[in-house]
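Only one structure is covered here, and it is reproduced in the block below.
The values are calculated or read from the model by the stated rules, or taken from the named source; none is laboratory data. These numbers were taken from a predicted model, which means no experiment stands behind them. No Cβ is skipped: glycine too gets one built from the backbone with ideal geometry, and neighbour counts run over all protein chains shown. We work out accessible area using only protein heavy atoms, side chains counted, and drop any ligands, DNA or RNA first. Shrake-Rupley method; radii C 1.70, N 1.55, O 1.52, S 1.80 Å.
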Amino acid sequence: MIKTGQVKSEADLTRKLGISRVRVNQIVRLLKLSPQIITQIEKFGDPLLSQVVTERMLRSYIGLPLKEQEDILQKIKS
């Protein structure tokens, strides 16, 4: 919504969605994971039938070099 201009900032997004600024920030940070990880997670569908991967697990990989993120990709695929 920020990219498309529907809202101007994360603060606007929090008001529109009715969730906390912290929660929006957590979600936006998850989008910084490698595109391969995001694609693999999207293949699971929504909602997940089981907790193959958790947000808490993914948070530890945010900001790591892409090479190190491959570890989580292998865990997700297996």
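For every helix of n ≥ 4 consecutive DSSP H residues, a contribution of -39,500 (n - 2.57) applies; sum these over the chain, divide by its total residues, and give [θ] at 222 nm rounded to the nearest 500 deg cm²/dmol.
When only DSSP H runs of four or more count, the value is -16000 deg cm²/dmol.
Would you kindly compute the Cα radius of gyration of the chain and its largest Cα-Cα separation (Dmax), both in Å?
14.0, 39
Under a 1.4 Å probe, what is the accessible area of the chain per residue, stated in Å²?
With all protein chains present, the chain gives 76 Å² per residue.
Once you charge only the Cβ atoms, +1 for Lys and Arg and -1 for Asp and Glu, what is the size of the charge dipole of the chain about its Cα centre, to the nearest 20 debye?
Values: 14 positive and 8 negative charges, 52 e Å.
Approximately 260 debye in magnitude.
Cβ under 13 Å from L30's Cβ, L30 left aside: what net charge do those residues give with Lys, Arg +1 and Asp, Glu -1?
Values: positive: R23, R29, K32, R56, R59; negative: E42, E55.
Once positives and negatives cancel, what remains is +3.
Quick one: net charge of S9's neighbours, Cβ under 11 Å, K/R +1, D/E -1?
Here the charged neighbours net out to +2.
What does the net charge come to around I62 if you take all other residues with beta carbon closer than 14 Å to its beta carbon, with K and R at +1 and D and E at -1?
Net charge around I62: +1.
Across the chain, how many lysine pairs separated by 8 or more positions, or lying on different chains, have Cα atoms within less than 19 Å?
Eligible lysine pairs with Cα atoms under 19 Å apart amount to 10.
Expressed as a whole percentage, what fraction of the accessible surface of the chain belongs to carbon and sulfur atoms when a 1.4 Å probe is rolled over the protein heavy atoms?
With neighbouring chains kept in place, the figure for the chain is 54 percent.
Measuring from centroid to centroid over Cα atoms, what is the spacing of the stretch 1-19 and the stretch 35-72 in Å?
Each part's Cα centre sits 24 Å from the other's.
Could you give the nm distance between label points at K75 and K3, where each point is 7 Å from its Cα heading toward the beta carbon?
Distance between label points: 2.5 nm.
Which of T39, Q69, M1 sits closest to the plus end of the dipole of the chain, meaning its Cα is farthest towards the positive end, when Lys and Arg get +1 and Asp and Glu get -1 on the C-beta?
Checked the options; the winner is M1.
Using Cα-Cα distances under 8 Å and only pairs 6 or more residues apart, what relative contact order does the chain have, in percent?
Contact order relative to length: 27 percent.
Each residue of the stretch 48-53 in order: what ³J(HN,Hα) in whole Hz does its phi give by Karplus 6.51 cos²θ - 1.76 cosθ + 1.60, θ = phi - 60°, with x for Gly and Pro?
5, 6, 9, 7, 5, 9
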